[in-house]
Structure formats: structure tokens, C-alpha cells
Number of protein chains: 2
Amino acid sequence: MRAQVLDNLRQAIIERQFAPGQRLIERELVELTGVSRTSVREALRELAAEGLVTAVPNKGTVVASVSAEEARQLYEVRSALEALAGRLFVQNASQAQHAALVRALQRIEKLAAKGAPVLAAKDAFYDVLFEGGGNDALRSVVAGLHARVSLLRWLSLSVPGRPVESIGELRAIVDAVLANDADAAARACSRHVEAAGRVGLQALAAQDGT
Amino acid sequence: MRAQVLDNLRQAIIERQFAPGQRLIERELVELTGVSRTSVREALRELAAEGLVTAVPNKGTVVASVSAEEARQLYEVRSALEALAGRLFVQNASQAQHAALVRALQRIEKLAAKGAPVLAAKDAFYDVLFEGGGNDALRSVVAGLHARVSLLRWLSLSVPGRPVESIGELRAIVDAVLANDADAAARACSRHVEAAGRVGLQALAAQDGT
DNA sequence: AGCGTCTGATCATCATACAATCTGGTCGCC
DNA sequence: GGCGACCAGATTGTATGATGATCAGACGCT
């Protein structure tokens with residue numbers, strides 16, 4: 001199916017199997033994926049809509065690369081949106097969802113203590129957060145942005161010390177939520193994104209420098 | 001080209017030439033637009049990515065309809081984003097852009113005084129606002145939401161008295177901007193969206209009732 | 001009436017073909 | 001030798017016809 005192809009390509013791009021800026025030639029993708037050109041084209045169109053590739057007319061599609069300025073803007077938007085997510089969680093989440101958020105944080109802390117990869121657990125944390133907010137539109141918009149900054153996320157998690165710092169920020173979110181303080185939760189979410197953004201931009205700059 | 005077809009379809013949907021919920025059959029669109037199935041399919045995929053139509057596998061695509069709950073959520077997100085837009089304008093806009101914002105408001109007021117349609121002028125106002133903020137990512141995200149609520153906008157502008165009220169809210173934005181008060185600008189933008197949302201939801205409820 | 005089946009409509013995917021466009025290099029001219 | 005026109009290859013854009021899959025509803029059987 002096309003969805004399968006699409007997921008494979010998306011994954012490949014996020015995992016840097018295709019370098020940013022690299023041309024994605026339809027014929028090559030055809031023989032690489034085994035599906036027809038029609039399906040490849042439609043998959044590319046969807047990726048373009050997600051912002052993971054950019055299509056230039058009559059020239060082809062290339063893997064999108066985030067400039068420092070774009071990245072900064074994306075983080076700015078995400079900051080505002082995740083602030084809203086935090087606020088909505090405080091306003092709308094059930095008792096069970098509060099508990100689930102706490103559990104998600106504990107899971108992250110446990111993994112981090114072992115030095116295990118923490119990325120999937122963080123995604124779970126955010127799932128709970130958005131779920132509790134009860135705004136699917138918000139969730140899908142953030143998901144759209146998420147794809148575009150995922151390259152940077154890949155970088156920023158490799159920065160030493162960042163996971164520890166990051167968990168502290170998450171704890172601040174949970175604390176504010178448990179205190180039923182919507183404003184504080186919003187600020188905590190905002191700060192978390194901003195901190196991630198700073199690290200991401202630094203990593204980007206370091207990479208461009210080398 | 002495909003872009004042409006896409007624009008036509010988008011316009012047709014926004015202008016209610018296709019009723020929400022109506023099935024869009026590929027073959028019909030082929031003979032209606034004169035282009036091939038390939039192009040029609042790709043255009044439909046893009047519209048689906050924008051959220052203007054929903055595609056159900058093996059069943060076809062139907063014109064999207066916004067439920068009251070979805071609309072509420074969309075306005076909630078827009079409120080947060082436009083607050084950011086207002087804040088960024090205060091922080092980043094040039095002197096010339098400040099002046100342009102004032103001019104845009106005056107143009108709206110002049111049109112409204114004559115009872116002329118004010119929608120295009122309002123779009124121009126927002127163009128200036130986002131331009132001055134200097135965050136293209138924000139602009140494109142909002143544009144994406146905009147498409148999905150445009151059906152409601154169509155409704156809410158037909159509510160008597162709304163234009164007048166709306167202009168007052170815009171003036172509040174401009175006042176805050178001229179006072180260089182970023183927080184106030186953010187709040188004013190937020191309030192404007194929320195007010196529009198309330199009217200839109202009322203109009204939606206009234207329509208569903210009849 | 002209830003149930004399974006069959007049929008028609010429609011989408012999904014594919015293979016192929018051809019035109020339009022871009023890229024890069026070559027050739028001829030100065 | 002340098003410069004521009006032109007040509008060939010590559011790639012995308014669009015079109016077309018065919019085939020399989022899937023769904024909704026009609027139909028007939030019990």
C-alpha cells in the first residue's frame with residue numbers, strides 16, 4: 001500500500017538515510033520500493049504537504065533541510081502551541097489522565113537513570129498531555145510541526161547533559177499540572193520547548209560549522 | 001496545470017458550490033475540469049492534506065464538514081497562534097509596517113462605513129500583521145487552519161452587527177501595537193479570534209437547527 | 001423476515017506512453 | 001581561446017487503459 005511506502009520514506013528521511021538536500025528521483029524510488037511511479041508520486045506529494053520534502057516544479061523533489069531561521073520560527077510556534085496544550089490539560093484532563101501523566105514521567109526518569117534511550121517515552125508523555133487536553137486539532141497541528149523539527153530533535157538528544165536538563169523541565173510541567181495551575185503549566189511547557197530549541201539551534205550551528 | 005485545478009476546487013468548496021458531506025467522484029471531476037484522473041487525484045490529495053476534504057479509502061473523498069466541536073478546537077488553536085502573531089508584530093515589525101497596519105485598519109473602516117464587503121480588506125490586515133511578525137512558519141500554519149474554518153467565516157460575516165463589533169476588536173489590536181505593548185497586543189488578537197469563534201459557532205448551531 | 005450472495009460503482013494501483021522542461025556538454029562561430 | 005546556440009539525455013508532468021480490491025445495496029433463497 002501507499003501508506004506503507006509513505007511511512008518508510010518518512011522514517012528514512014527522519015533517520016537521515018537520505019541527506020537533506022538530496023534529490024529524490026522518482027524512478028529510483030520506484031525500484032527501491034517496488035511500487036509504481038503513481039504511488040511514489042502520491043507519497044512524495046504527501047511528504048511535501050508535511051514539509052519533509054520540498055517539490056520544485058519540473059526539477060523534482062529534494063529532502064527538506066531546515067535553516068537556522070526556519071528552525072527558530074518553528075520552535076517559536078511550537079512554544080505557543082505546547083503552552084496551550086499544558087493549559088488545556090490542566091483545564092480538561094481527568095483524574096486518570098493526571099495519573100497517567102505522572103506515570104509517563106516516572107517511566108522517562110527510570111529509563112534515563114539506566115542511560116536507556118528516552119525518546120519513545122517522551123513521545124508517550126506528550127501523547128498523554130495532548131490526549132488530556134482534549135483538542136485533536138491542536139494535536140494534529142503540533143504533529144505537523146513535529147515532523148519538520150524531528151531532524152533537529154535527532155541532533156539535540158545527542159548533546160551531552162541535555163536529557164537530564166530536559167527531564168527537569170518535564171517535572172516542572174507535571175508539578176504545575178498537579179498544582180492545578182494552568183498558567184504555570186503553560187509557562188513550563190513553553191520553557192521546555194524553548195530550551196529544546198536553544199539546544200537544537202546550537203547543534204545545528206555546530207553541525208554547519210563542521 | 002494541476003495548480004489551476006486545485007485552486008478552482010478549493011474556491012468551489014469554500015464558496016459552498018459543493019455542499020459539505022457531498023461526495024466528490026473522480027470521474028465527474030475529470031469531465032468537469034477537463035484534466036486527467038491523475039491530476040484530479042493529486043489535487044484531491046492536496047485538498048485532503050489541507051483538511052478541506054476527507055478521503056476514505058476505497059470509498060472516495062467527500063467535502064469536509066466541520067463539527068461544532070472541531071470548530072471550537074480550531075478557534076482555540078487559532079487564538080493561541082494569533083496571539084503569538086500580535087506579540088511578534090510588536091517585537092519585530094518595522095516602522096513602515098506599523099504604518100501599513102494602521103492604513104489597513106483605516107481601509108477596513110472606510111469600507112465598513114459604506115457597507116461594502118470587508119472580507120478582502122481584513123485578509124490584507126492579517127497579511128500585514130503576519131508579515132510584520134517575521135515568522136513565516138507561523139503564517140503558513142495559520143493559513144492551514146484558515147482554510148478549515150473558512151466555511152464558518154462565510155457564515156459569521158453574515159451575522160448582523162458582527163462587522164462593527166469586529167472592527168472594534170481590530171482597533172484594540174492596533175492600539176496595543178502602537179502602544180508597543182506586546183502582551184496587550186497578544187490579548188487583543190486572542191480576544192478577536194475568540195469573539196469570531198463565538199459568532200461562528202452560534203451561526204453553525206443556528207444552521208444545524210434549521 | 002433474515003441471511004448470504006451477486007452485481008455495479010468506485011477507488012487503488014499499475015504499466016506505458018508522450019510532451020514539456022531542465023541540465024550539461026558539444027559544436028560552431030567569432 | 002572564448003562565447004553562445006544547439007543538441008541529447010534525464011527527469012518530471014500529464015494522459016490513458018487495464019486490472020484487482022472493496023464497498024453498498026439489490027436480489028434471491030430459505
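The values are calculated or read from the model by the stated rules, or taken from the named source; none is laboratory data. Quantities reported herein were computed from a predicted structural model and do not represent experimental measurements. So basically every Cβ, Gly included, is an ideal-geometry build from the backbone, and we count neighbours across all protein chains shown.
Would you confirm whether or not the range A:52-66 contains a residue that is of a type outside the set (A, V, I, L, M, F, W, C), part of a helix (DSSP H, G or I) and under 25 Å from the mean Cα position of the chain (by Cα)? Full working, then the answer.
The first filter runs over the range A:52-66 and keeps only residues of a type outside the set (A, V, I, L, M, F, W, C), leaving A:54, A:57-61, A:65.
From what's left, part of a helix (DSSP H, G or I): none.
No, the range A:52-66 contains no residue that is of a type outside the set (A, V, I, L, M, F, W, C), part of a helix (DSSP H, G or I) and under 25 Å from the mean Cα position of the chain (by Cα).
Identify all residues within the range A:36-61 that are surrounded by fewer than 18 Cβ atoms within 10 Å (Cβ to Cβ) and of a type in the set (Val, Ile, Thr); write none if there are none.
A:Thr38, A:Thr54, A:Val56
Give me a count of the residues in the range A:6-23 that are more than 14 Å from chain B (Cβ to nearest Cβ) and within 15 Å of DNA strand C (Cβ to nearest atom).
Looking only at that region, the number is 6.
Of the numbered conditions (1) surrounded by fewer than 19 Cβ atoms within 10 Å (Cβ to Cβ); (2) within 22 Å of the chain's Cα centre (by Cα), B:Phe89 fails exactly one; give the number of that condition.
(1)
Which is facing chain A (nearest Cβ under 9 Å) and closer than 18 Å to B:Ile13 by Cα, of B:Ala55, B:Ala43, B:Ala48, B:Ala64?
Details: B:Ala55 fails: facing chain A (nearest Cβ under 9 Å); B:Ala43 fails: facing chain A (nearest Cβ under 9 Å); B:Ala64 fails: facing chain A (nearest Cβ under 9 Å).
B:Ala48 is the lone residue from the list that is facing chain A (nearest Cβ under 9 Å) and closer than 18 Å to B:Ile13 by Cα.
If I filter the range B:28-38 for residues that are modelled with pLDDT of 90 or more, of a type in the set (Gly, Ala, Ser), within 13 Å of DNA strand D (Cβ to nearest atom) and under 30 Å from A:Val142 (Cβ atoms), do I get at least one hit? Steps first, answer last, please.
We begin by selecting, within the range B:28-38, every residue modelled with pLDDT of 90 or more; these are B:28-38.
Pick out the ones that are also of a type in the set (Gly, Ala, Ser) and you get B:34, B:36.
Then drop every residue that is not within 13 Å of DNA strand D (Cβ to nearest atom), which leaves B:34, B:36.
Next cut, under 30 Å from A:Val142 (Cβ atoms) only: none.
No, the conditions are met nowhere in the range B:28-38.
Pick from the range A:133-156 the residues that are in contact with a helix residue (DSSP H, G or I) (Cβ under 6 Å, 6 or more places away or on another chain) and without any contact (Cβ under 8 Å) to a residue 60 or more places away in the chain: which of them is surrounded by the most Cβ atoms within 10 Å (Cβ to Cβ)?
A:Asn135
For the range A:182-210, enumerate the residues that are touching a helix residue (DSSP H, G or I) at 6+ places or on another chain (Cβ under 7 Å) and among the acidic types (Asp, Glu).
Within the range A:182-210, just A:Glu194 meets the criteria.
Answer yes or no as to whether B:Arg87 is in the same structural domain as B:Pro163 (by TED's automatic domain parsing), under 25 Å from A:Gly144 (Cα atoms) and at pLDDT 95 or above.
On the way: in the same structural domain as B:Pro163 (by TED's automatic domain parsing): yes; under 25 Å from A:Gly144 (Cα atoms): yes; at pLDDT 95 or above: yes.
Yes: the conditions hold for B:Arg87.
When you scan the range B:104-112, do you find a residue that is more than 13 Å from DNA strand D (Cβ to nearest atom), touching a Leu at 6+ places or on another chain (Cβ under 7 Å) and free of Cβ contacts under 8 Å to residues at least 60 places away in the same chain, even just one?
Scanning the range B:104-112 turns up no residue that is more than 13 Å from DNA strand D (Cβ to nearest atom), touching a Leu at 6+ places or on another chain (Cβ under 7 Å) and free of Cβ contacts under 8 Å to residues at least 60 places away in the same chain.
Would you confirm whether or not the range B:166-181 contains a residue that is crowded, with 17+ Cβ neighbours inside 10 Å, at pLDDT 95 or above, closer than 12 Å to B:Ala85 by Cα and of a type in the set (A, V, I, L, M, F, W, C)?
Within the range B:166-181, one or more residues are crowded, with 17+ Cβ neighbours inside 10 Å, at pLDDT 95 or above, closer than 12 Å to B:Ala85 by Cα and of a type in the set (A, V, I, L, M, F, W, C).
For the range A:157-186, give me each residue that is in a loop (DSSP other than H, G, I, E, B) and in contact (Cβ under 8 Å) with a residue 24 or more places away in the chain. It would help to see each step written out before you state the result.
The first filter runs over the range A:157-186 and keeps only residues in a loop (DSSP other than H, G, I, E, B), leaving A:157-161, A:179-181.
Once the filter is applied, which keeps residues that are in a loop (DSSP other than H, G, I, E, B) and in contact (Cβ under 8 Å) with a residue 24 or more places away in the chain, the range A:157-186 yields A:Leu157, A:Ser158, A:Val159, A:Asn180, A:Asp181.
Could you tell me whether the range A:89-96 includes any residue that is of a type in the set (A, V, I, L, M), away from chain B (no Cβ under 11 Å), assigned to a helix (DSSP H, G or I) and within 28 Å of B:Glu82 (Cβ to Cβ)? Can you show your working first?
Quick first cut of the range A:89-96, residues of a type in the set (A, V, I, L, M) only: A:90, A:93, A:96.
Filter once more, so that each one left must be away from chain B (no Cβ under 11 Å): A:90, A:93, A:96.
Going one step further and asking which of them are assigned to a helix (DSSP H, G or I), we end up with A:90, A:96.
Checking which are within 28 Å of B:Glu82 (Cβ to Cβ) leaves us with A:90.
Checked against the condition, which is being of a type in the set (A, V, I, L, M), away from chain B (no Cβ under 11 Å), assigned to a helix (DSSP H, G or I) and within 28 Å of B:Glu82 (Cβ to Cβ), the range A:89-96 yields at least one hit.
So, A:Val53, is that one more than 12 Å from DNA strand C (Cβ to nearest atom) and closer than 24 Å to A:Val199 by Cβ or not? First the steps, then the outcome.
Working: more than 12 Å from DNA strand C (Cβ to nearest atom): yes; closer than 24 Å to A:Val199 by Cβ: no.
For A:Val53, the condition - more than 12 Å from DNA strand C (Cβ to nearest atom) and closer than 24 Å to A:Val199 by Cβ - is not met.
Can you confirm whether A:Glu82 is more than 16 Å from DNA strand D (Cβ to nearest atom), under 20 Å from A:Ala203 (Cα atoms), acidic (Asp, Glu) and within 13 Å of another protein chain (Cβ to nearest Cβ)? So that I can check it myself, show each step before the final result.
Values: more than 16 Å from DNA strand D (Cβ to nearest atom): yes; under 20 Å from A:Ala203 (Cα atoms): no; acidic (Asp, Glu): yes; within 13 Å of another protein chain (Cβ to nearest Cβ): yes.
In short, no.
Does the range A:8-24 contain any residue that is free of Cβ contacts under 8 Å to residues at least 12 places away in the same chain and part of a strand (DSSP E or B)?
No, the range A:8-24 has no match at all.
Right, B:Ala100: touching a helix residue (DSSP H, G or I) at 6+ places or on another chain (Cβ under 9 Å), at negative phi and not in a helix (DSSP H, G or I) or not?
For B:Ala100, the condition - touching a helix residue (DSSP H, G or I) at 6+ places or on another chain (Cβ under 9 Å), at negative phi and not in a helix (DSSP H, G or I) - is not met.
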